[in-house]
Amino acid sequence: MAAYARGLSAVRPSRYLPVSARIAAALATASLAGCSGGVLQPRGPIGAADSQILLDAVGIMSAIVVPTIAALFIFAWWFRASNPRARYQPDFVYSGRLEIIIWSIPILVIMFLGGVIWIGSHELDPYRPISADEPPLEVQVVSLDWKWLFIYPQQRIASVNELVIPVGTPVHFELTSASVMNAFFVPQLGSMIATMNGMKTQLNLTADHPGDYYGESTQYSGDGFSGMHFVVHAVAKDEFPRWVSTVQQDGPALDRNGYFDLLQQTQNARPFTYRSVDPSLFQAILTHQLPPGPGPYVGGAGPNVRPVGGR
Amino acid sequence: MFVPLAVGDMLGKLTLNAIPLDQPIPLIAGGVVILVVVAVIAWIVLRGHLPYLWREWITSVDHKRIGVMYVLLGLVMLLRGFIDAIMMRSQQALAFHAAGYLPPEHYDQVFSAHGTIMIFFAAMPLMIGLMNFVVPLQLGVRDVAFPTLNSTSFWLTATGALLVNISLVIGEFARTGWLPYPPLSEARYSPGVGVDYYLWALQISGVGTLLTGVNFVTTILKIRAPGMSYLRMPVFCWTALCANLLIVAAFPVLTATLAMLLLDRYLGFHFFTNSAGGNMMMFINLIWAWGHPEVYILVLPAFGVFSEVIPTFSGKPLFGYRSMVVATLFICLVSFLVWLHHFFTMGAGGDVNATFGIATSIIAVGTGVKIYNWMFTMYGGRIRFATPMLWSMGFLVTFTIGGMTGVLLAVPPADFQLHNSLFLVAHFHNVIIAGVLFAAFAGLTYWFPKAFGFRLHEGWGKAAFWFSLAGFYITFIPLYAVGLLGMTRRMQHYDLALWRPWVLAAGVGILVFMCALACQVIQLVVSIRRREELRDFTGDPWNGRSLEWSTASPPPAFNFAVLPNVQGEEPYWHIKRRAIETQQLTAEPDYQPIEMPRNSPTGFITAFFATVTGFALIWDIWWLVGVGLACAYAVFVWFAWRDVEEHQIPAEEVARIDRARRKAREEWLATEGHEEWLTSHGQGGTS
Amino acid sequence: MSAVDTVSFRRTRDLDPYKLGHREAGEHGLATGHGEGGPASKRVIVGYGFWIFLLSDVVLFSCLFAAHAVLQTATAGGPSGRELFNPWSIAIETACLLASSFTCGLSAVATGVRSQIWTQLTLAITGLLGLAFLLLEAHDFAGMVAAGAGPTRSAFLSSLFAVVGCHGCHVTAGLLWLGTMMAQVFFKGFRPNILRRLLCFNLFWHVLDIIWVALFTIVYLIGEGR
């Protein structure tokens, strides 16, 4: 267990996988050959640890499930009525020995899995900071209808539907919602977390490899939900400050008026950036100093929004 | 285009705008449905079937008739829900870098309706219908505890289904998913009538379901044949008991939670709103405190069906009866302790998440035990692969896989990546299709001869099974894969090429499923056409083991001429063995007149006014709400005022019916029963 | 475990003693419903079923109590319990309800001796006490709404109005039922099915009282302290 726990903070997934999980991973990878970008192709330590647990759990359970299914087929075939060689035992309805085994197998598996669950839930709690040599990058996330707003409080900039982070630096997210419940998820980087109006949730992720990663909302939030995805650009550490200064030279400023524009329901928003952001904006959204989104009536309806018989 | 009606306020918010004249799909679909309904009603009326239908079915309080009507409702709504599924899969198959043919506000209603209909109006009625038909017969008694209440329960469920279907042509349906999470479902973000349709349909049918729960708990615990102690009940009755205990304990939670949402929407309360202190997380906790027991309400009767089918077609008793009972009770209890696993990602912290994850894994123990018991029931048997047994095999293999993915999702770190993805969708379809749907078809095929007197055609039944099995795997294994690739649920369109092949494969799978559906329909038509060839003369077409097979097919209204005296498990099996051994039936009983409850239109009329009230509440037609409630109360008083509650079946009638049954049994005994006796004695006898 | 006993129909030569509907009111007969004896009597079945229904109603109230526990402090800057509750009013309401439970019990005694006049009288008093309870409660609610502390003010108030209101709705339904029962007893006398319904009504009314005790403990007494 201790080795397992240590393994969870390691970066490379393949070093600590048991054999069955490695086979499962190989099969999964083979079947997904040519594709990249899912949960089983993590690009950060959180994602790696999450998917490692996933494969381990599959391995543990396969050890039980595969023989069980095999036995089902074997019994069904051997004891078919047309098989004269099978012995008919109509009185075989109870066996103490079998009962003990039947109850023990699931119990033992669950006990082992319980250990995995306990350790994993604590190690990989989204709120748990990632230990690193450098301080984390702070990003404040606001889910709106139907786009994502990312505020960089340390750099005083903001972006919509586009998240740029430096490789290797842990990112600490603080999340809330401007209207309805959403969930922030980047499949290749790690765990998802819900966003709710008036409440702050947190998430900690790191990207290990440079690249573009798909991000989405996983909590259905209305008509524009399908367009509510964003791109995560993981860039080299020295490139990040250069991106920040580029943003700071161009684009609108995000003040409270600009925020009211963002609150209106729009779909399929194209990514853009703000060169500066009101530092108290996130806190104001969180504490309801700024009201939640108005929904489909007040402030103009978006395309294809036509509720019938409104209240 | 706004066309105000002259009656203005009298119709609340209802205007001609409510009819989707500018949306071709619901318009055509609604039109077709209305046409079919009108045609069916016209055929019934013009052919003079209405008096029969009213007398024998609509006002019936007989559990067998009510059971059949539940199943019929479930099958029709299964069809509607399946059409929604076809629309969803086809939309997703087409909507890669494209808009598809369903705009978001329509697609969102389709998937919400799909989930709502499938769970509340297809799966529940199918399971409740089977329980209605079978449980009193298996317990060796004449009816459930409260027959008129039973009828009312059915018609209230039908009311809910009707309201959901009306939303297709008048107004809209909810666009929130099958569970209306706030704040999306609050008036601010869903100002239309859609969520109201959903809420009132479920509140009304929820009352019906709760009453069913009360009815069956009382029946199973208080009304059994003499000698049938708890440990002599068939396992189907045990699972029915536990499912109904869950209904009694869980459905009030649904009622309360939806009532709070209704108060928010109608009267401006702040239970779950964004402002004034509302707490959306409370909705999620409450609704899943109902939601998780709900899935066990669905699956426990399914387990019960298999616990009947597998022993019968293996030719031996169920292995580990007491173990099964304990496992069922265990599942019943623990199902209330796991609800948080539906929202691990809401940020409850390591301790809470881990506790619920472990509890969820623990509940898998009960199910695992059952699978092994079924397996060892087959061991040492002589297995006949008739259609019900095929469905059971399909269930055993497929449900095990689904259960495995469920335990996988119970591990919070895994769930952090798979929550709300198509992996989750594949998991719950895996367990519900393999569990509830396969059980429904197994149970239907198994008990159809008992209900109607002739078997279903085997060939088409087997075809339906194989197409269903293939359809399931081809549709949902790709969804597991694409969930692992990061695709989330409820997407109206998507842009990642990575996901495309899997989504297309799932689209093919649904077509295979459609073939299965076609086979089921053909099976029904062919079986009815060829019913004389498929006739069940003795009442025991499968060599059954429990008491329902001792009656004729279909059983008379009173089920048993005299209640059987039960002295062991599998009472009917022993009756049969004794008859074969002694080569004669037991002596003819002394027939007495039997009192049965009178039919009553109460259920139907109450539901009619419930429909009126529900519709009026949705459209804010307040005067009609008052009228509907007053009339419903009046019906209740009128029913309470009747002087004669029962009618008597004279002893001669009972004797006549039962003698016909005995004659059929005697004929069987003289031919096949005699052969069996010869065989067993010729080979030195079996143990 | 697997019983190899045979099942005998020999006993069925005798009269089948387990037919439905052939038993006098109040008589349990041979069967208690505990499996061995066959189906229970109608009175046992009706009472048992109604208890199960009442338990489901208790679950309903538990949900509202749970919601109230969560929202008790969500006053959103508006008035809290301490500022709103009038202890005298609540005390009188409680007294009315408890007294009505007592008179309901008296009506059960009157029914037991088949006295039409006393049954009607005690039921009427029960109804009047229940009505007094409702009117007081409605008056309280009206006052709160007029003072700007209606259910739309905050989540706490929403929850308060909902849980107390739900109880009030049950009392209202109970009064409606009470009126119907009084009419039935008057027109039909003490038939077995009327007696069973009176039993159910009694159970309902007493459980409502128990819920009220829980309610004022959780909402008013505990809420007073916040």
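Every number here is computed from the coordinates shown, using simple stated rules; none is lab data. From a predicted model like this one, the values you see are computed outputs, not experimental measurements. FYI the Cβ positions are ideal-geometry reconstructions off the backbone, even for glycines, and counts take in every protein chain you see.
Here are a few things to note about the model shown:
- Residue by residue, the stretch C:43-51 carries 3J(HN,Hα) couplings of 5, 5, 4, 5, x, 4, x, 5, 4 Hz when phi is fed to the Karplus relation 6.51 cos²θ - 1.76 cosθ + 1.60 (θ = phi - 60°); x denotes Gly or Pro.
- Net charge over other residues, Cβ less than 12 angstrom from the Cβ of A:Gln264 (K, R count +1; D, E count -1): -1
- Neighbourhood charge, 11 Å Cβ-Cβ cut-off, centred on B:Tyr379 and excluding it, Lys, Arg +1 and Asp, Glu -1: +2
- Counting only alpha carbon atoms, the long axis of helix B:104-116 and the longest principal axis of chain B meet at about 30°.
- Values of log10 I(q)/I(0), in the order q = 0.14, 0.21 Å⁻¹, for the stretch A:31-127 under a Debye, Cα-only, solvent-free model: -0.77, -1.15
- Peptide B:224-231, shielding by other chains (average Cβ, 10 Å cutoff): 5
- Summed side-chain charge close to B:Pro554 - residues other than B:Pro554 whose Cβ falls under 9 Å, Lys, Arg +1, Asp, Glu -1: +2
- Residues whose amide H lies under 5 Å from that of A:His172, counting only those 5 or more places away or on a different chain, are A:Leu137, A:Glu138, A:Val139; hydrogens are built 1.01 Å from N in the peptide plane.
- D by Stokes-Einstein for the stretch B:1-115, Kirkwood Rh over Cα pairs, 25 °C, 0.890 mPa s: 138 µm²/s.
- Taking only the alpha carbons of the protein assembly as shown, we obtain Rg and Dmax values of 31.7, 101 Å in that order.
- Inter-centroid distance (Cα atoms) of the stretch B:416-431 relative to the stretch B:167-183, Å: 22
- Calculated on C-alpha atoms, the gyration radius of the stretch A:64-203 divided by its Kirkwood radius gives an Rg/Rh of 1.31.
- Computed on the Cα atoms alone, the convex hull of the stretch A:137-286 gives a volume of 90 cubic angstrom per residue.
- Dividing the summed -39500 (n - 2.57) terms of all DSSP H runs of n ≥ 4 by the residue count of the protein assembly as shown sets its mean residue ellipticity at 222 nm at -19500 deg cm²/dmol.
- Rg/Rh (Cα only; Kirkwood hydrodynamic radius) as it applies to the stretch C:63-108: 1.20
- Relative to the longest principal axis of the Cα atoms of chain B, helix B:24-46 runs at roughly 40 degrees.
- Pairs of C-alpha atoms in chain B farther apart than 32 Å represent 53 percent of all such pairs.
- Between 0 and 90°, nearest 10: helix B:422-431 axis offset from chain B longest Cα axis: 20
- Contact order normalised by residue count of the stretch C:42-224, Cα under 8 Å, 6+ apart, percent: 35
- Take each residue of peptide A:182-194, count the partner chain Cβ atoms within 10 Å of its Cβ, and average: the result is 5.
- Dividing the C-alpha radius of gyration of the stretch A:125-219 by 2.2 N^0.38 Å, with N its residue count, gives 1.00.
- Which listed pairs, of B:Lys462/B:Lys576; B:Lys222/B:Lys450; C:Lys42/C:Lys188; B:Lys316/B:Lys370; B:Lys64/B:Lys663, have C-alpha distances above 21 Å, in listed order: B:Lys462/B:Lys576; B:Lys222/B:Lys450; B:Lys64/B:Lys663
- Whole-Å distance, taken between Cα centres, linking the stretch B:207-270 and the stretch A:206-268: 48
- Antiparallel DSSP beta bridges within the protein assembly as shown, as percent of all bridges there, nearest 5: 65
- Averaged over the residues of peptide B:180-189, the number of Cβ atoms from other protein chains lying within 10 Å of each residue's Cβ is 6.
- Residues whose amide H comes within less than 5 Å of that of A:Ile165, counting only those at least five positions distant or on another chain, are A:His233, A:Ala234, A:Val235 (H built at 1.01 Å from N in the peptide plane).
- In summary, the stretch B:144-188 shows an alpha-carbon radius of gyration equal to 1.63 times the 2.2 N^0.38 Å reference for compact globular proteins.
- The relative contact order of the stretch B:7-294, computed from alpha carbon pairs under 8 Å that lie at least 6 residues apart in sequence, is 18 percent.
- Debye intensity ratio in log₁₀ form over the Cα atoms of the stretch B:7-294, taken at each q of 0.07 Å⁻¹: -0.31
- Selection from B:His574, B:Ala359, B:Met346, by position along the positive dipole direction of chain B (Cβ): B:His574
- Kirkwood hydrodynamic radius of the stretch C:42-224, from inverse mean 1/r over distinct Cα pairs, in Å: 17.4
- Sorted by Cβ neighbour density within 10 Å, fewest at the top, the residues B:Asp143, B:Asp196: B:Asp143, B:Asp196
- Principal axis extents of the C-alpha atoms in the stretch B:21-70 (largest first, rounded to whole Å): 45, 25, 12.
- Relative contact order %, chain B, counting alpha carbon pairs below 8 Å whose residues are six or more apart: 17
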